[in-house]
Structures are given as structure tokens and as C-alpha cells.
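Trainee: Quick one: this structure, given as C-alpha cells, is what I'll be asking you about.
The values are calculated or read from the model by the stated rules, or taken from the named source; none is laboratory data. Fair warning: this is a prediction, and the values are worked out from it, not measured in the lab. Reconstructed Cβ throughout: ideal geometry from the backbone, glycine too, with neighbour counts over all protein chains shown. Areas reflect the complete protein model, heavy atoms only, side chains present, ligands, DNA and RNA absent. Shrake-Rupley method; radii C 1.70, N 1.55, O 1.52, S 1.80 Å.
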Amino acid sequence: MKNNNSRSFLKWAGGKYALMDSIRSLLPEGNSLIEPFVGAGSVFLNTAYDKYVLNDINPDLINLYQHLKKTPEKLIHDAQTYFISANNDAAKYYAIRAEFNQSKDSYYRSVLFLYLNRHCYNGLCRYNLSGGFNVPFGRYKKPYFPEKEMLFFAEKAQKAVFSCQSYDTVINKAKKGSVIYCDPPYAPINQTSNFTSYSAFAFGIPEQRNLAELCYQVAKRKGISILLSNHDTELTRQLYQHAAITPLLVSRSISQKGHKRQKVGELLAMYQLTQG
């Protein structure tokens, strides 16, 4: 069956495009949707709230979104100049990556960030401890330039406010009548698969516990509906014990050869409490 959902203009490990039907079926009505971990924005792109608060701890991501909202034609034009065959080369990729890591200009970094995202390995977004983007070259035949998707994002972004703050700050600011969707870096399936270095800041088990407790308390105190995504594990079941759990099976790559895939258990946890 054809998926009619809108795709993000970014490649994104852990993006929610394939799960949108399940997520949308659980999100209630509200006057705004708040995303403390917006990532590639699939939930934003495929829901119909009047207002959005889209936050992420990654300043490169948020700066890209802000520049695309303000000057879409200019950003699209400037970014497209990097999508040429001469730049689809390992040596050129690493040279552009070095330029990106040395630049302090938010607009220039936004242009290069899109190039890196579409040319790097598997759409990963990873930084070293010094804050340098360190994903290797992806070796794609002809990276796609997402002009149509960028224009759609820019148009819908007129309803959005973007921020780069901690998730707890954003969640605590939420007002009654809003809905929150959280897609944090996932808890590990096991101890050998702990990938949480999406930004230069780790998101370990203490952060997983803090997020779960914060969502429970804010939902209970303010009567706000909060939906979270995560792996379906013994740990997450324990963390979300006060939420209604919807289990899912999702296809994921299990090796560097993308054709080797298996179903992985994920869950959606809904805090929908009304007591004051």
C-alpha cells in the first residue's frame, strides 16, 4: 500500500516517516504540538496543528530550519550548488566537512549541513567530543537534492517556532491545551548497541529516567497529553509504567549492508492524565 505521508528533506537515522500512521492515530487534538526532539520533522510535516514548537539540542539543525523558514529560495539555491558530481567524491566530501567544522557562520553551516546530510553515511548526524561533525562519506551514486521537500517544509514552518534548548526546559514551558510528542535518542536494545551520540551530548540511562518522570509529572500536573517513542525493552516498560503502551514492530538495518533487515520492537507510550 502506498504511503502518502510527506517526507523530510533530510536523511535521518531513526526518522519517524514509516511510523506516522501509528503516531498520528494516538496524537489527540490540541491548540499546538510541542516537539522537544524534533529531528527531521516527520511528525511536524504529517500533522495538522495550528501551531508548533519545534526544538532540538542540535544548533546546526535548528539554524538550518530557521534559515529555510526565513529565506527558502536563497537557501535552496545556495545549497543546490553543492550537489554536483565533482562534490560526490570522498576527498571533496572531507574537505567540505572540514570547512563546516571550522566555520562559525550559521547560514554557511546550514548550506553545508544539508550537503553533508545527503552525502554522508546513512544520514547519520554525529559529532565528536570537540563538537566536530565526524560521519564518513556515504558513497552514493547520485545524492538527491530535496528541493520539493524543502519548499513544503518552509511553507509549513510559518506555523512553527524553532528553539535550541534542553528538553526539560521545553516540556516545563508547555501550557494546558498543547500536545507534546517526544522522540528522544533511543534507549539501547542491549549494551552493545548504545548509540546516543546524535549531538555532542550523550543521552544515557539517567536522562531516559528523567525524561520519563518529567513527562509523567507534567502530564499529571497540567493535564497535557504526552506521547513518547522508544525501543520496547524491559527498561523502557519500567520507565513508562504510568503510560499506556502501544507496541510496534519496525524494520531496521542490522548490518552495514542495508539489505539485511529484521523487525525490531518499539513502543509508543502515552501519558494522558486529567488530574490537576
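Trainee: For Val38, list long-range residues whose amide hydrogen, built 1.01 Å from N in the peptide plane, is under 5 Å from its own amide hydrogen.
Mentor: Asn55, Asp56
Trainee: A follow-up question, please. For segment 22-28, take each phi angle, set θ = phi - 60°, evaluate the Karplus expression 6.51 cos²θ - 1.76 cosθ + 1.60, and give the result in whole Hz per residue in order, putting x for glycine and proline.
Mentor: Values per residue, Gly and Pro as x: 5, 5, 4, 5, 9, 6, x Hz.
Trainee: Of the accessible area of segment 1-73, with the probe set at 1.4 angstrom, what percent is carbon plus sulfur?
Mentor: Details: 1560 of 3160 Å².
Carbon and sulfur: 49 percent of the exposed surface of segment 1-73.
Trainee: Using only Cα atoms, locate the centre of segment 45-106 and the centre of segment 142-191, then give the distance between them in Å, rounded to an integer.
Mentor: Each part reduced to its Cα centre gives a spacing of 15 Å.
Trainee: Using the Karplus curve 6.51 cos²θ - 1.76 cosθ + 1.60 with θ = phi - 60°, work out ³J(HN,Hα) for each residue of segment 227-243 in order, rounded to whole Hz, and write x for Gly and Pro.
Mentor: 10, 10, 10, 5, 5, 8, 9, 4, 5, 5, 4, 6, 4, 9, 5, 8, 10
Trainee: By how many nm would the segment from Asn31 to Glu149 lengthen if fully extended, with 0.36 nm per residue of separation less the alpha-carbon distance? Intermediate values should be presented prior to the final figure.
Mentor: Values: separation 118, 0.36 × 118 = 42.48 nm, distance 2.51 nm.
Result for the pair: 40.0 nm of gain on full extension.
Trainee: Please give, to one decimal in nm, the separation of the simple spin-label points placed at Asn122 and Lys70, each 7 Å out from Cα toward the Cβ.
Mentor: Here the modelled spin labels are 3.5 nm apart.
Trainee: Please give the FRET efficiency for Lys51 paired with Lys263, using the beta carbon to beta carbon distance and R0 = 30 Å, rounded to the nearest 0.05.
Mentor: Efficiency at R0 = 30 Å is approximately 0.25.
Trainee: Could you work out the helix-only [θ] at 222 nm for the chain, with each DSSP H run of four or more residues adding -39,500 (n - 2.57) and the total divided by the number of residues, to the nearest 500 deg cm²/dmol? Kindly include the intermediate steps, with their values, before the conclusion.
Mentor: Values: 10 runs with 100 residues, N = 276.
Using -39500 (n - 2.57) per qualifying helix, the result is -10500 deg cm²/dmol.
Trainee: Give me the extension gain from Asp168 to Asn4: residue separation times 0.36 nm, minus the current Cα-Cα distance, reported in nm with one decimal.
Mentor: Details: separation 164, 0.36 × 164 = 59.04 nm, distance 3.31 nm.
Additional length available on full extension: 55.7 nm.
Trainee: Moving on. Would you please put 72-79, 88-95 in order of how densely packed they are, using the mean number of other Cβ atoms within 10 angstrom per residue and starting with the highest?
Mentor: Details: 72-79: 16.6, 88-95: 14.0.
Going by the mean number of other Cβ atoms within 10 Å, highest first, we get 72-79, 88-95.
Trainee: Just add up the charged neighbours of Phe162: K/R +1, D/E -1, any other residue whose Cβ is under 13 Å from the Cβ of Phe162.
Mentor: Residues close to Phe162 contribute a combined charge of +2.
Trainee: Per residue, what accessible area does the chain have, given a 1.4 Å probe and all protein chains present, in Å²? Before the final figure, lay out the partial values.
Mentor: On the way: 13710 Å² over 276 residues.
I get 50 Å² per residue for the chain.
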